[in-house]
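Engineer: After the structure tokens below, expect a handful of questions from me.
Every read-out reported here was derived from the displayed coordinates using simple, explicitly stated rules and does not represent laboratory data. Computed from a predicted structure; not experimentally measured. As a convention, Cβ positions derive from the backbone with ideal geometry for all residues, glycine included, and neighbour counts pool all protein chains shown.
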Amino acid sequence: MEPITLVIILVCIIIGGMFGSLGVHLLPVGGAPAAMSTATGIATGCVMLMTGSAMTGLFTASTVANFWGTNPDVFLVSLSGGVGAMLMMGFTMLIGNLIYIFGAGIVPVSGRVAVDPITKEPQTEYKTPRTDGHGVPNVAFYSGMIGGLVGGFGGALIYVVLVSQGYAGFSVETAVIVALGIFIANAIMAAYNIGGTIEGFHDPKFKERIVTGLTCAFIVSLMCGILVLIAIETGALAAGGMV
Amino acid sequence: MLFAWMLVIVFLAFVACMFEDLESDIGSQSNPNSQIQLAPEMGYIHRYYNKAISGEGLSNALACTISGTIALLLLLMLEPMLVAKDMPLGYAAILAIPVGAMVGSIVHMVRCSTCHLGRESAHKRFEQPIFLDVWIGHLIPIATHNFLTVICITAIAYIQSHLTLLSGVSGASNPFPLPLLCLIWGITVGAIGSSTGDIHYGTERAFQDKPFGEGRRVVYHGQICRYGDCGIRTSKDVAAFCAKYGGPATGLTFGLIVLFENWRTVIGMVLGGLTKTELAHPGVAAGYGIGIGIGVAIVLIVLNTWLVKWARAKYGPFVGE
Amino acid sequence: MAEEETKGEEEKKPKEEFKLSFDYFNETRLGILALIVGVIITIAAYSPSLPALVKGIGVMLVILWGADSVRKTARYGLGTGVPSIGVLAVGFGLVGAMTGMAIGSAVYDMIGPAGILGILIGIGLMAVIGYVSGILANGDKFINMKIPGLERGMMELAVAGTLAIILECSIIGGTWDADTILRQPVLGTVPPVAFVALMFIMAGFGMLQPLNSCLGADERRGRTLLMAIEIGGINCIILGLITVMTLGAVQGASLIVLGAIVWVVFYRAYVKACLEESYEVVGTGMIKTLGG
């Protein structure tokens, strides 16, 4: 295989991994306390949320990649995956807010900032004292949508560059497995980086930890990418012998 | 026919996610379970079912993937026989999907039985007894709710992987094999059930004696409501409450997600020149799909902004201390 | 030989029930045993004549090692919960297994039978990636989680995950040769790789559920690991059902019987251990109230 194709595959894997990690940093993850309305964010753990949105993105990407058959357009397919994950996050957050507002009677506010940086709504006087915010306020919602888009884009990018006959040319199942493995590795390292919960890009934790997170994602993706390149070079997984 | 099958998938998705949330309420799983875990440590002995298998996404994925595998095995075994006898292939699916779901639910039930024992016996020093009627009495409701979730998800995966056969449009099937589709939807349904339905259980039902209209403060953690309408509450009482709001809302989430995903893809395909045999302009199809998706996202953002503004105006700042 | 050793160990356990004197196998010794036995069975698994029974025992041992490693690492509090590190292990395992099988098959095609040692290159590279991830997660200049032994733990988990996936693939396909696993239609038109979702989730579950379900102040290692073997038993039953259809009734049925026996024995031992070591077991009853 020509060196330039190998380099493109490696670069796409690294970009995909880093986008996956960035997506995890942007999602408003509340963890277990959010289910008790003690913290802001979506009421689930980081791992579940990011695997769920990545899987939806991967599913949409595979359907769209099937339109072309052998040489999918890398950018359009990845963007479809991103939009799929973004819609999933959007609906989850919106209906979550409906349950917070009408089921528990609380106002969605953030616990980390006194004023919403985008809509300029004051937060502190609406917050229950002795909690760390509750619900999914507007800025967390926007952050979650962007996080879904970015994370889904990353996962779908790794998948499409592996399945396309013009690049690595793996079979569909092999490409999905490898894409899933690389995405999970990056996303869990990012989850450890944020310590389990984060409110989104307005959270002070985001500015502190994003550089470390992206560096770790770069190193992990680079190593996994080199492994995948070795596997491609052996020719055992590639298009030549494919059904 | 393609759109008709899309509608069937959306309906199945609604039912699947609703029952997933109710199942995670009967066996108190995932996020609110941290309170059930904390309660004995603070002296509040309870009669809840402390089911802590793993995250909801993974435990649901286990049941669904096992069901998908068994269904695939049965389909591969039965379809050659049906083709040889020239009978329609639907006969194979109608046997394979429920049997697969049954095996998946039984495995799920076994996993549930071990984790309640494990967690409660690790609470020895806090004097939490193991109630045998709680342990055995919840297993069948958990298995039945899980069966409904799993059979719906297996059916969705079956339809999506055989869409070419079912609708007559070539290239409509998803290229993934059946167990992998079950894994994907299993994790997604678990993640959604964990994010939306758990709020109703964790905030409202578990702390029902705390005031309505405020978040649960950190000092309340562990002080769950242990008494029911008549006597002491078990996890079965939780499902009846959450089925009024949390369960259907969760089902609505997944149903809407599947609806908009499939609908915008198919509209894109139609606008890109879909015929029974091929798709004329794949780039145009993908582009329209992305455009509709971004349009829906903008509507969601507007809806949420308006909703939060309405709540702030209607409820007002926090009153009390 | 490996079979007798592990069967002997299994024999010991039910007799001593929950007083497992399994204490000889502390974490390091269990790791070394599982690594050596696992690697030997993995290399031998290339040949289709190795019975699925032996591979099944290999899978159970490797999952046991993984669960022990998760327990060692996650006890200190990861921040995101126990399932995260279990899923990380199988995530690494997927990438490592694909690479290992590809390298092993290619080297075999080039230089003949000695070439199956090529799979060790894949496993070794994955161990390096696991160790580097551990350094990233624990190091001062990076994520800085300050968990003792995280580097070693992540390396063990990466290797355990890779071995588990390779062994499960070879159970279904008969061999882990990449051509068979990825392309050969062993069941209708379906290659063994179609079942990789099942392998992923079952191996992951075997590693993450034991600690997550036994978490608490009075958790005991012997009891927790009983659950890991019990999950291995269910794993063998389901893989056996698939093997009946791909490799034939003899291999499949023997694997199902092994899985069923292991599951019944260890499930009973686990339930007995939990019931006897809990505070109190009552049929039903009222709860203690706090000050009325």
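Engineer: Roughly what angle does helix C:249-277 make with the longest principal axis of chain C, taking Cα atoms, 0 to 90 degrees, to the nearest 10?
Structural biologist: 20 degrees
Engineer: Positive end of the dipole of segment B:41-140, charges at C-beta (+1 Lys, Arg; -1 Asp, Glu), about the Cα centre: which of B:139, B:71, B:48 has its Cα farthest in that direction?
Structural biologist: Final value for the positive-end residue is B:48.
Engineer: Give me D for segment A:67-131 in µm² s⁻¹, whole number, from Stokes-Einstein with Rh from the Kirkwood sum over alpha-carbon pairs, 37 °C and 0.692 mPa s.
Structural biologist: The estimated diffusion coefficient comes to 218 µm²/s.
Engineer: Quote the FRET efficiency, to the nearest 0.05, computed for residue B:219 versus residue A:5 with a Förster distance R0 of 60 Å and r equal to the Cβ-Cβ distance.
Structural biologist: For R0 = 60 Å, the calculated efficiency reads 0.50.
Engineer: Under a 10 Å cutoff between Cα atoms, tell me which one of C:276, C:156, C:230 has the largest fluctuation in the Gaussian network model of chain C.
Structural biologist: In the Gaussian network model the winner is C:276.
Engineer: What is the dipole size for segment C:26-220, taken about its Cα centre, with +1 at each Lys and Arg Cβ and -1 at each Asp and Glu Cβ, in debye to the nearest 20?
Structural biologist: I would put it at about 280 debye.
Engineer: From the convex hull of the Cα coordinates of chain B, what is the mean projected area in square nanometres?
Structural biologist: The Cα convex hull of chain B, projected and averaged over all directions, gives 19.5 nm².
Engineer: Sort by residue number and name the cysteines in chain B that have no neighbouring cysteine Cβ under 4.7 Å.
Structural biologist: So far as the 4.7 Å Cβ criterion goes, B:17, B:112, B:115, B:152, B:225, B:230, B:242 stand without a partner in chain B.
Engineer: Which of the residue pairs B:124/C:72; B:210/C:72; A:205/B:124; B:51/C:141; A:127/C:146 have a Cα-Cα distance greater than 30 Å in the structure shown?
Structural biologist: Distance filter (> 30 Å) returns B:210/C:72; A:205/B:124; B:51/C:141; A:127/C:146.
Engineer: If you don't mind, there's one more thing I want to ask. How large is the Kirkwood hydrodynamic radius of chain A, in angstrom, based on all distinct alpha carbon pairs?
Structural biologist: By the Kirkwood definition, the hydrodynamic radius is 18.3 Å.
Engineer: Shielding of B:76-86 by partners, i.e. mean partner chain Cβ atoms within 10 Å per residue?
Structural biologist: 1
Engineer: Using a simple spin-label model with points 7 Å from Cα along the Cα→Cβ vector, what separation in nm is obtained for residue B:209 and residue B:277?
Structural biologist: Placing both labels 7 Å beyond Cα along the Cβ direction yields 7.3 nm.
Engineer: Here's another thing I want to ask about it. Relative to the longest principal axis of chain C, what angle (0 to 90°, nearest 10) does the C-alpha long axis of helix C:150-173 take?
Structural biologist: Helix C:150-173 sits roughly 60 degrees off the main axis of chain C.
Engineer: Quick one: if you stick a label point 7 Å off each Cα along the C-beta vector at residue B:11 and residue C:128, how many nm between them?
Structural biologist: Those two pseudo-labels are separated by 5.7 nm.
Engineer: Shape call for chain C from the C-alpha gyration tensor, a ≥ b ≥ c root eigenvalues: rounded (a/c under 1.5), prolate (a/b greater than b/c) or oblate?
Structural biologist: It is oblate, given that a/c is not under 1.5 and a/b is not larger than b/c.
Engineer: Which angle from 0 to 90°, rounded to the nearest 10, does the C-alpha axis of helix C:119-138 make with the longest principal axis of chain C?
Structural biologist: So the helix axis and the longest Cα principal axis differ by about 40 degrees.
Engineer: Another question about this same structure. To the nearest 0.05, how large is the calculated FRET efficiency for residue B:110 and residue B:227 if R₀ is 22 Å and r is the Cβ-Cβ distance?
Structural biologist: Once rounded, the FRET efficiency stands at 0.10.
Engineer: Per residue, what volume in Å³ does the Cα convex hull of segment B:236-302 take up?
Structural biologist: Normalising the Cα hull of segment B:236-302 by residue number yields 104 Å³.
Engineer: While we're here: Separation between the residue C:261 and residue B:95 pseudo-spin-labels, each 7 Å from Cα along Cα→Cβ, expressed in nm?
Structural biologist: For the pair residue C:261/residue B:95, the computed spacing is 3.2 nm.
Engineer: How much mean residue ellipticity at 222 nm does chain C get from its helices, if each DSSP H run of length 4 or more adds -39500 (n - 2.57) and you divide by all residues, to the nearest 500 deg cm²/dmol?
Structural biologist: Roughly -25000 deg cm²/dmol at 222 nm, from the helical runs in chain C.
Engineer: Among B:217, B:264, B:233, which one shows the biggest mean-square fluctuation in a GNM of chain B, springs joining Cα atoms closer than 10 Å?
Structural biologist: Its mean-square fluctuation being the largest, the pick is B:217.
Engineer: At 18 angstrom or more along the helix axis (alpha-carbon based) and mean Kyte-Doolittle of -1.0 or higher, what helices does chain B contain? Whole DSSP H runs only.
Structural biologist: Result, helices passing both filters: B:2-26, B:56-85, B:90-121, B:139-161, B:178-192, B:246-271, B:282-315.
Engineer: Now for a different question. Take residue C:217, project a point 7 Å from its Cα along the Cβ direction, then tell me which residues of segment B:43-74 have their backbone nitrogen under 14 Å from it.
Structural biologist: In segment B:43-74, the label zone of residue C:217 (backbone N under 14 Å from the point 7 Å along Cα→Cβ) covers B:43-45.
Engineer: I'd like the FRET efficiency for residue B:102 and residue C:140, computed as 1/(1 + (r/R0)^6) with the beta carbon distance as r and R0 of 56 Å, rounded to 0.05.
Structural biologist: My answer for the efficiency is 0.60.
Engineer: Counting helices only, and only those DSSP H runs with n ≥ 4, report the 222 nm mean residue ellipticity of chain A as the sum of -39,500 (n - 2.57) divided by its residues, in deg cm²/dmol to the nearest 500.
Structural biologist: About -22500 deg cm²/dmol.
Engineer: Now a separate question. Go ahead and estimate [θ] at 222 nm for chain B from helices alone: -39,500 (n - 2.57) per DSSP H run with n ≥ 4, summed, over the residue count, rounded to 500.
Structural biologist: -22500 deg cm²/dmol
Engineer: Here's something else I'd like to know. Which residue, B:290, B:151, B:159, has the most motion in a Gaussian network model of chain B that connects Cα atoms within less than 10 Å?
Structural biologist: Result: B:290 has the largest fluctuation of those listed.
Engineer: Once a ≥ b ≥ c are taken as the square roots of the eigenvalues of the Cα gyration tensor of the protein assembly as shown, is the result rounded (a/c under 1.5), prolate (a/b larger than b/c) or oblate (a/b not larger than b/c)?
Structural biologist: Rounded shape, in that the Cα axes give a/c under 1.5.
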